[in-house]
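Chemist: Encoded as structure tokens, here's the structure I'll be asking about.
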Amino acid sequence: MLRTELVGLNSLEKAAELLKKGELVAFPTETVYGLGASIFNVVAIRKIFAAKKRPADNPLIAHIASLKDLEHIAVDIPDDFYRLAEVFFPGPLTVLLPKHSSVPIEASAGLSTIGVRMPAHNVARQLIALVGEPLVAPSANLSGKPSSTHHEHVFEDFEGKIAAVVEGGQCLIGLESTVISLQDPARPLILRPGEITPLQLQEILKKKVVISPLLQGFSSTASSPGMKYRHYAPKAPIKIFYSEKELLVYLKHTPLVNKILLVSEKQKANFSLWEPYILSNKNFYSILRLSDKKGYEEILVLCDQEDQQNAALMNRLSKAASLC
Ligand code: TXA
Ligand code: MG
């Protein structure tokens, strides 16, 4: 059993040293916390899969601090990548690129591509720069469980199992990055919706960008392997309502005992009697984790029109509710 250290923001050199020695260190990004390891260290990469209990066929994202870091991780980089990078790097976007042979096959889980992302969080980029090479980092949660949006969540899942956690407090965005594949140059495909929308990507690429239709199904042929597994799941079942009326009928017949209610900021006043929590990208995972801690029996979620347009939130919500 390791003693997991909480590393302050003024001691990033310490975290970098641990990473250089092949240890795992969780660090904040603007989306969610990442469980980092040096990208060229196969032993450290295997530790990530073991600590998370992550299926070996689920590839990792390479986190870079500058475009120079691409030299030893990607080849045949298309112009479209640079167009996207110019606008969205650093930021919550992961682009799949053909993998350089020096990246261990364990990192890409046998695939010929590697996801590349430059986090907007300064601490993440500083840490990568101090290590001197890209870091692979999946979300810092046990496989299948809600992602970590605070360093305390990382401790809940990994205390005694990893060397250190960087103390970055709350993540700004709260849902993972948008993942885009440029494999078919005529048809860029979103494999995971996130803060950066298809429309924003389309504007820069000047071609149609669609969300992969495979995301809707529980498919073993999903082009992003991670999407085929149960994900982000709290212990309690989630019940989703699409209108206030539907929810009010339910509440009238069912007492809100041992249940937790989530509604949008705008609807809060209409449900104040039930003391609801606010549904938002930023606090979604922390509320699922709160539910686990308190042992709630059911999570009730009201999605208004605006929520239903929010592809990233609806994707995580449907997965957490095991609807796809
Ligand atoms: O915001 C994020 O992206 C966070 C932070 C830490 O950067 N990271 C993250 O990593 O969410 P992870 O491993 O939890 O999710 C990566 C997703 C998975 O669904 C995986 O299957 C997909 O991206 N992915 C990664 N590399 C891929 C590849 N080469 N081809 C297809 N899908 C890939
Ligand atoms: Mg994840």
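Chemist: If you check 70, 84, 97, which single one turns out to be within 9 Å of ligand 1 (Cβ to nearest atom), out of contact with any Lys or Arg (no Cβ under 9 Å at 6 or more places or on another chain) and farther than 23 Å from residue 2 by Cα?
Modeler: Criteria check complete, one pass: 97.
Chemist: Identify all residues within segment 36-68 that are aromatic (Phe, Trp, Tyr) and under 15 Å from residue 102 (Cα atoms); write none if there are none. Talk me through it step by step, then tell me what you get.
Modeler: Initially, segment 36-68 is screened for residues aromatic (Phe, Trp, Tyr), giving 40, 49.
40, the sole residue that qualifies.
Chemist: Among (1) outside any helix (DSSP H, G or I); (2) open to solvent by 10 Å² or more (accessible area, probe 1.4 Å), which single condition is residue 37 missing?
Modeler: Evaluating residue 37 over (1) outside any helix (DSSP H, G or I); (2) open to solvent by 10 Å² or more (accessible area, probe 1.4 Å) leaves (2) as the failure.
Chemist: From the set of residues in segment 173-199 that are within 16 Å of ligand 1 (Cβ to nearest atom), without any contact (Cβ under 8 Å) to a residue 40 or more places away in the chain and of a type outside the set (Val, Ile, Thr), which is least open to solvent (accessible area, probe 1.4 Å)?
Modeler: Within segment 173-199, the first condition is being within 16 Å of ligand 1 (Cβ to nearest atom), and the residues that meet it are 173-184, 187-197.
Filter once more, so that each one left must be without any contact (Cβ under 8 Å) to a residue 40 or more places away in the chain: 184, 187, 189-190.
Cutting the leftovers down to of a type outside the set (Val, Ile, Thr) gives us 184, 187, 189.
On the way: 184: 77, 187: 119, 189: 31 Å².
Top of the filtered list is 189.
Chemist: If the requirement is being within 16 Å of ligand 1 (Cβ to nearest atom), open to solvent by less than 10 Å² (accessible area, probe 1.4 Å) and either modelled with pLDDT of 95 or more or assigned to a loop (DSSP other than H, G, I, E, B) (or both), which of these qualifies: 44, 56, 16, 50? Give the steps one after another, and end with the answer.
Modeler: Values: 56 fails: open to solvent by less than 10 Å² (accessible area, probe 1.4 Å); 16 fails: within 16 Å of ligand 1 (Cβ to nearest atom); 50 fails: open to solvent by less than 10 Å² (accessible area, probe 1.4 Å).
Going through 44, 56, 16, 50 in turn, just one is within 16 Å of ligand 1 (Cβ to nearest atom), open to solvent by less than 10 Å² (accessible area, probe 1.4 Å) and either modelled with pLDDT of 95 or more or assigned to a loop (DSSP other than H, G, I, E, B) (or both): 44.
Chemist: Let me ask you something else. Is it the case that residue 152 is free of Cβ contacts under 8 Å to residues at least 24 places away in the same chain, within 27 Å of residue 12 (Cβ to Cβ) and surrounded by fewer than 19 Cβ atoms within 10 Å (Cβ to Cβ)?
Modeler: Values: free of Cβ contacts under 8 Å to residues at least 24 places away in the same chain: yes; within 27 Å of residue 12 (Cβ to Cβ): yes; surrounded by fewer than 19 Cβ atoms within 10 Å (Cβ to Cβ): yes.
It is true that residue 152 is free of Cβ contacts under 8 Å to residues at least 24 places away in the same chain, within 27 Å of residue 12 (Cβ to Cβ) and surrounded by fewer than 19 Cβ atoms within 10 Å (Cβ to Cβ).
Chemist: Run down 32, 87 and say which single residue is closer than 27 Å to residue 199 by Cα and surrounded by fewer than 21 Cβ atoms within 10 Å (Cβ to Cβ).
Modeler: That would be 87, the only listed residue that is closer than 27 Å to residue 199 by Cα and surrounded by fewer than 21 Cβ atoms within 10 Å (Cβ to Cβ).
Chemist: Restricting to segment 100-124, and then to whatever is open to solvent by less than 10 Å² (accessible area, probe 1.4 Å) and aliphatic (A, V, I, L, M), can you tell me which residue is nearest to ligand 1 (Cβ to nearest atom)?
Modeler: Among residues in segment 100-124 that are open to solvent by less than 10 Å² (accessible area, probe 1.4 Å) and aliphatic (A, V, I, L, M), the one nearest to ligand 1 (Cβ to nearest atom) is 114.
The values are calculated or read from the model by the stated rules, or taken from the named source; none is laboratory data. Remember, it's a predicted structure, so these values are computed and weren't measured experimentally. So basically every Cβ, Gly included, is an ideal-geometry build from the backbone, and we count neighbours across all protein chains shown. Ligands, DNA and RNA are excluded from the accessible area calculation, which covers all protein heavy atoms including side chains. Shrake-Rupley method; radii C 1.70, N 1.55, O 1.52, S 1.80 Å.
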